[in-house]
Amino acid sequence: MAQDPEPDEDQQDEGLIDTSHELDMVPVFESSTVDAEIEADVIRGLLESGGIPTSLMQPTGLPNLGFQLLVPLARREDALRLIQEAQAAGPEAAAEAEAASEEGL
């Protein structure tokens with residue numbers, strides 16, 4: 001209508017939905033071992049501390065073994081790099097980081 005103000009550019013973008021595939025969630029970790037949940041939680045903490053959002057999926061039904069850790073497609077390479085770096089550093093690096101964090105308490 002004539003009395004309605006023209007929407008500015010910021011308001012026009014608010015209603016848009018991002019349909020790009022960059023936000024599609026893709027797996028970076030899958031396991032159906034007994035300790036899969038613990039391993040997924042550790043990797044999830046690593047990725048989220050690196051600024052990468054995650055989603056932990058567990059299949060429904062019995063047995064309830066198996067977990068999948070998902071990240072946005074656009075962040076997949078960063079997530080895989082962080083996981084590889086942590087694996088290369090090994091448990092010694094994790095122990096050192098834990099000790100360093102406890103010193104600050």
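None of the figures in this text is laboratory data; all of them are computed from the coordinates on show. Being a predicted model, the structure only gives us computed values, none of them experimental. Using ideal geometry, Cβ is built from the backbone for each residue, glycine included, and neighbour counts are taken over all protein chains shown.
Sequence-distant contacts, meaning Cα pairs under 8 Å at least 6 residues apart, place the relative contact order of segment 23-88 at 44 percent.
Kindly put LEU56, LEU82 in sequence by how many other C-beta atoms sit within 10 Å of each C-beta, fewest to most. Let's see the in-between values first.
Details: LEU56 14, LEU82 20.
So the residues, fewest neighbours to most, are LEU56, LEU82.
A protection proxy built from the mean count of other Cβ atoms within 10 Å ranks the segments 94-100, 37-43, most packed first, as 37-43, 94-100.
Report the gain in length on full extension from VAL42 to GLU77: 0.36 nm times residue separation, minus Cα-Cα distance, nm rounded to one decimal.
Numbers: separation 35, 0.36 × 35 = 12.60 nm, distance 1.82 nm.
That works out to 10.8 nm of additional length.
Exposure proxy ranking for PHE67, PHE29, based on other Cβ atoms within 10 angstrom of each Cβ and starting from the fewest, stands as PHE29, PHE67. Of THR54, THR19, THR33, the sequence from fewest to most neighbouring Cβ atoms within 10 angstrom is THR19, THR33, THR54. Per the Kirkwood formula applied to alpha carbons, segment 23-88 shows a radius of gyration over Rh ratio, Rg over Rh, of 0.97. Approximating the spin labels as points 7 Å out from Cα along Cα→Cβ, the GLU85-to-LEU23 distance works out to 2.7 nm.
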